[in-house]
Amino acid sequence: MAIASAGLSKSLRRRWRFSEKLIESFILLNGLLAIIVLLGVLFLLLREGLPAFAYTSPWQFFFGTRWYPVSEPPTFGILSFFMATLWVTLIATAIAVPLGVGCAAYLAEVAPASVRETVKPIVELLAGIPSIVMGLIGLLLLSPLVQGLFNLNTGLCGLTAAIMLAMMSLPIIVTVSEDALRAVPKEFREASYALGATQWETVWHVCLPGALSGIAAAIMLGVGRAIGETMTVLMVAGGALAVPYAPTQPMMPMTAAIASGIGNAVRGGPQYQALFAIALLLFLMTFAVNLVADRVLERQKRKFAR
Amino acid sequence: MNMNHALLNNRAAHNNETKLKTEQVSLFYGTFQALRNISLDIREKAITAIIGPSGCGKSSFLRLFNRMNDLIIGARVDGRVVIDDTNIYDRDIDVVELRKRVGMVFQKPNPFPMSVLENVAFGPRRHGKKNRHELEGIVERSLRQAALWDEVKDKLGQSALALSGGQQQRLCIARVLAVEPEVILMDEPCSALDPIATLRIEDLMRSLSSDYTIVIVTHNMQQAARVSDMAAFLMMEKDRAGILVEYGPTSQIFTNPQDKRTEDYITGRFG
């Protein structure tokens, strides 16, 4: 009896081992696919973009203020695009971070369950609004407001774009921060309350520090979204080619520059290559932001592994 | 054994002031009644053990005294819980002030993910102590009181989570002592610790009991017999509400229980 059952389990085990291997290699393939795609994107950008530096020195390219793609010879200086991206991203972050983290802290720590369960799906729904719709909202509602408020010639400027981007990165920041806050063990809150801390002190001194790396990752993801967003900024940032020195000026962030230029560029021509070089820079920027976010998130996980 | 009891009785006899008491207290979680009509006087500067089978409401009972049950949605208390003649469930009671006077040590050691120093300084900081020098003094005093100073004095800046389980629990006790409470509630403080760490905590409790009123919930009969001066036996009725069956000097509860149910429990016939 014992021998028979041992034999049976042996053949069963062999079959399991085979299907186990099969599943394992399938998962491995999936993992590799992601890396292959990533490397493929990088390779493509490098192949199409690097030749741009044959016409223009990197110094001229990154710090040149003139973008004349069709004059003879063409000049490719992307400083104005880069500065525009910087303005828009920084202001969007400055608006979205306090608002998003505050909202997350409210939802995770203060709000009763019923409020949390209604508000959170709504916030997540905000993430699903197509960027073109956000652009239209910015065009229609926000830009007149900004124009009137700052007494500008046009409401289509960096600030308008930044506010719309803040709205768009808010859902990511709220959702991820809220998850991080809720991952802070209940024991810490209890200990804090039992020592006579108020709710505000508990949130500020225990929960937020405990969730800090998760919140940092949330911010990075939000910033990544703001850097890469194209349609909204194309519609509402104003599209001026001068180097912007104030956020209330019309400007053309990098993504908008690529989107508006690529249609007219001759495939394989100098402008085409210059646009790909911008895309390469953009890719590296978002890649760096995501890498940092990932690292920070990893640290958070280790901190609470007990 | 007999000598031991004589000793305990002697200890228990030296102070008979009542520090805490519950009067006809019932606790509800929504419609579920967790405790029914419990009246109990707890003596000052003594160790009172709450014993009883799992689920009889020992922890809920303990959490009445610092109003930790407030954190549970739907929790409601009937009756009075009195500290030094004040009903702590009165409307004008400041819960923050109450929790300064009544500290709590939890089942699982729960130091904050901060340095050893910051853990102990947490309470005093919240209550307005800002001066670095003063805080360091409080931290050293509290750690010495918790018999942890010699082990951690060279790593005050290191993460508290790097300490061993027993050290973490003593750190949590030091953190409570830093707030200078009058009462310390302990909710099965040794259940996550090994026997040696457990004995160290018990020694610590004994030495603290000359200055503090200690109430401890424990699952461990031997522990209750070893450390406590008074013992209360709780169990649940058919509807699972906790009731007080018997309360008296520990020596009496363990050698000469008046109630049949207490006797059955402590002799291991159920529970």
- Query: So is A:Val243 over 23 Å from the mean Cα position of the chain (by Cα), within 10 Å of chain B (Cβ to nearest Cβ) and of a type outside the set (D, E, K, R) or not?
  - Reply: no
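Any residue that is assigned to a loop (DSSP other than H, G, I, E, B) and small (Gly, Ala, Ser) - is there at least one of those in the range A:268-278? Explain how you work it out, then say what you get.
Here is the first cut: in the range A:268-278, the residues assigned to a loop (DSSP other than H, G, I, E, B) are A:268-269.
After this cut, where a residue has to be small (Gly, Ala, Ser) as well, the list is A:268-269.
The answer is yes, given that some residue of the range A:268-278 is assigned to a loop (DSSP other than H, G, I, E, B) and small (Gly, Ala, Ser).
For the range A:94-123, which residues satisfy the criterion of being of a type in the set (Lys, Arg) and modelled with pLDDT of 95 or more?
Taking the range A:94-123 and keeping what is of a type in the set (Lys, Arg), we get A:116, A:120.
The answer is none; no residue qualifies.
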- From the residues in the range B:67-90 that are away from chain A (no Cβ under 14 Å) and assigned to a loop (DSSP other than H, G, I, E, B), which one is surrounded by the fewest Cβ atoms within 10 Å (Cβ to Cβ)? B:Asp85
- Item | Answer residue from the range A:173-200, given it is within 24 Å of the chain's Cα centre (by Cα) and acidic (Asp, Glu) and is surrounded by the most Cβ atoms within 10 Å (Cβ to Cβ) among those | A:Glu178
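What helices (runs of 4 or more DSSP H) completely inside the range A:96-163 contain at least 3 residues that are free of Cβ contacts under 8 Å to residues at least 12 places away in the same chain?
Counting at least 3 such residues, we get A:113-126, A:143-150.
Hey, any hits in the range A:44-62 for a residue that's among the β-branched types (Val, Ile, Thr), more than 24 Å from the chain's Cα centre (by Cα), surrounded by 11 or more Cβ atoms within 10 Å (Cβ to Cβ) and farther than 26 Å from A:Arg267 by Cα? I'd like the intermediate steps shown before the answer.
First, pick out the residues of the range A:44-62 that are among the β-branched types (Val, Ile, Thr): A:56.
Next, from what is left, pick out any that are more than 24 Å from the chain's Cα centre (by Cα): A:56.
If we keep only those that are surrounded by 11 or more Cβ atoms within 10 Å (Cβ to Cβ) too, we end up with A:56.
Those left that are additionally farther than 26 Å from A:Arg267 by Cα: none.
No, every residue in the range A:44-62 fails to be among the β-branched types (Val, Ile, Thr), more than 24 Å from the chain's Cα centre (by Cα), surrounded by 11 or more Cβ atoms within 10 Å (Cβ to Cβ) and farther than 26 Å from A:Arg267 by Cα.
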- Message: When you check A:Thr85 against the structure, is it in a helix (DSSP H, G or I), among the polar types (S, T, N, Q) and assigned by TED's automatic domain parsing to the domain that holds A:Ala237, yes or no?
- Response: yes
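Can you confirm whether the range B:158-169 contains a residue that is of a type in the set (S, T, N, Q), over 19 Å from B:Asp70 (Cβ atoms), within 11 Å of chain A (Cβ to nearest Cβ) and part of a helix (DSSP H, G or I)?
yes
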- Give the residues of the range B:185-243 that are in a helix (DSSP H, G or I), crowded, with 16+ Cβ neighbours inside 10 Å and of a type in the set (A, V, I, L, M), sorted by residue number. B:Ala197, B:Ile201, B:Leu204, B:Met205, B:Leu208, B:Met221, B:Ala224, B:Ala225, B:Val227
- Item | the range B:97-118, subset within 9 Å of chain A (Cβ to nearest Cβ) and in a helix (DSSP H, G or I), residue surrounded by the most Cβ atoms within 10 Å (Cβ to Cβ) | B:Arg99
- Task: Return yes when B:Leu27 is closer than 26 Å to B:Gln252 by Cα and either of a type in the set (A, V, I, L, M) or within 14 Å of chain A (Cβ to nearest Cβ) (or both) and no when it is not.
- Result: no
- Message: I'd like to check something: does the range B:4-13 contain any residue that is crowded, with 20+ Cβ neighbours inside 10 Å and either touching a Gly at 6+ places or on another chain (Cβ under 7 Å) or modelled with pLDDT of 90 or more (or both)?
- Response: no
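The values are calculated or read from the model by the stated rules, or taken from the named source; none is laboratory data. If you're wondering where the values come from, they're calculated on a predicted model, not measured in any experiment. Ideal geometry is used to build each Cβ from the backbone, glycine not excepted, and the neighbour counts take in all protein chains shown.
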